[in-house]
Structure formats: structure tokens, C-alpha cells
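These notes are about the structure you will find just below.
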Amino acid sequence: MMSKALEATFVAASPVVLLALLSLLFSGAMFGFFFAWVCSTLWGLDAADPNVAIAAMQAMNASVRNIVFAPAFFGTPVLLILTALAALRVKEGEAAACFALAGILYVLGAMVTTMTANVPLNEMLAAVETPLDRQTAQDVWRSYSGPWQVWNAVRAVVLGVVLALAGWGLTSIRAATSLPP
């Protein structure tokens, strides 16, 4: 049976812990999404016929604008900042700093990069009509794939840091409130 003080601490921290867990889950989902592009999707498309790669990427870029991806992509930084504010409210300064920094990094490293680098490249590729002759298709794909992969790798690395910060923040809440493991 929990002591009254521990029980009061647990009850006060529970919303923060729940938000921290959701922040960790959403950060992990977004890291995984961008990481998968780094280590498989684009490499696979690079190995395919360039006309096929162009058409496949056009289809994937069109399909990513959906009801599942949008809340995860746009909601993650909101969730991170809400978690930071909730942690501040219960005087969990270390956790608040971790989640606030994670939210800021997410906005800069995932959202700004997406909007200023990856989306313009996607729009350029969307304007391409296939099939093209093999050399033209190869030139189009190379001019797209290389830069897109660089900026996607930036997103993946930043989101790895965001995920680590969310984990650190969650751990600091659990340690500071003496919650059972």
C-alpha cells in the first residue's frame, strides 16, 4: 500500500506521466517514419528503374497527406510543448526543459526542414510526367533523390534527438516523483 505522500505525488504526476508517455510514443512514431525512409525506401527506389521510382515517389508523396499522418506530424510538437507546460506546473523543471527543447527541435528539424526542403522537392517531382526516356528519367531522379535523402536524414537525426529527449524527460519525471517502475 502506498503512503499518503507517495499517493498524492503519483496522482499529481499522473497527467504529466501520461502526456510524457504520449510524447514519447508520438516522437518514436515520427522518428521511425523518417528513419524508414533513410534506410530502406529511397535506397529501394534508387535501385529501381527511374521511371518507376518517380511514379512510386509521386504516389507516396500524394498518399502521405492523410488522416493518420497529419495528426502525428503536426500534433507531436504540440504534445511535446503541452507536456513541457504540464511538467512545469508540477515543478518538474528537468522534464519541462527536455520536452520544451524536444518541441523546439521538432519544429525546426522536422517541420521547417519538411516545408522548406522536402516539400519543394516533392512538388518539383510531382510536376514530372512519366514515362520519360531512360536518361532523362535518371537525371530527374538523381536531382531529386540525393537532396531529398540529405534533408530526410537531417529530419531523422533530429527526431532521434527528440525521441531521446522525450525519454530523458519521462525518466526524470519518474525519478523525481518516485513512481514505481
Open item on the list: Looking at Thr130 and the list (1) surrounded by fewer than 20 Cβ atoms within 10 Å (Cβ to Cβ); (2) in a helix (DSSP H, G or I), which single condition is not satisfied?
Closed with: (2)
Task: Val158, sole failed condition from (1) out of contact with any Leu (no Cβ under 6 Å at 6 or more places or on another chain); (2) assigned to a helix (DSSP H, G or I) - done: (1)
Task: Leading residue by the ranking (surrounded by the most Cβ atoms within 10 Å (Cβ to Cβ)) among those in segment 34-55 that are under 19 Å from the mean Cα position of the chain (by Cα) and free of Cβ contacts under 8 Å to residues at least 40 places away in the same chain - done: Thr41
- [ ] Can you confirm whether segment 123-137 contains a residue that is touching a residue at least 60 places away in the same chain (Cβ under 8 Å), more than 18 Å from Leu159 (Cβ to Cβ), out of contact with any Lys or Arg (no Cβ under 7 Å at 6 or more places or on another chain) and of a type in the set (Lys, Arg)?
- [x] yes
TODO: Report the residue count in segment 56-83 for those that are without any contact (Cβ under 8 Å) to a residue 40 or more places away in the chain, assigned to a helix (DSSP H, G or I) and within 20 Å of Met30 (Cβ to Cβ).
DONE: 9
Task: Pick from segment 25-48, criterion of a type in the set (Gly, Ala, Ser) and assigned to a helix (DSSP H, G or I), ranking: nearest to Ala153 (Cα to Cα) - done: Ala36
TODO: Might you let me know whether segment 90-108 holds any residue that is more than 23 Å from Phe31 (Cα to Cα) and among the β-branched types (Val, Ile, Thr)?
DONE: yes
- [ ] Could you please let me know if Thr116 is surrounded by fewer than 21 Cβ atoms within 10 Å (Cβ to Cβ), of a type outside the set (D, E, K, R), within 22 Å of the chain's Cα centre (by Cα) and within 20 Å of Leu42 (Cα to Cα)?
- [x] yes
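Where a number appears in this text, it was derived from the coordinates with a stated rule and is not lab data. Every value quoted in this text rests on a predicted model; they were computed, and no experiment measured them. Every residue, glycine among them, receives a Cβ derived from its backbone with ideal geometry; neighbour counts consider all protein chains shown.
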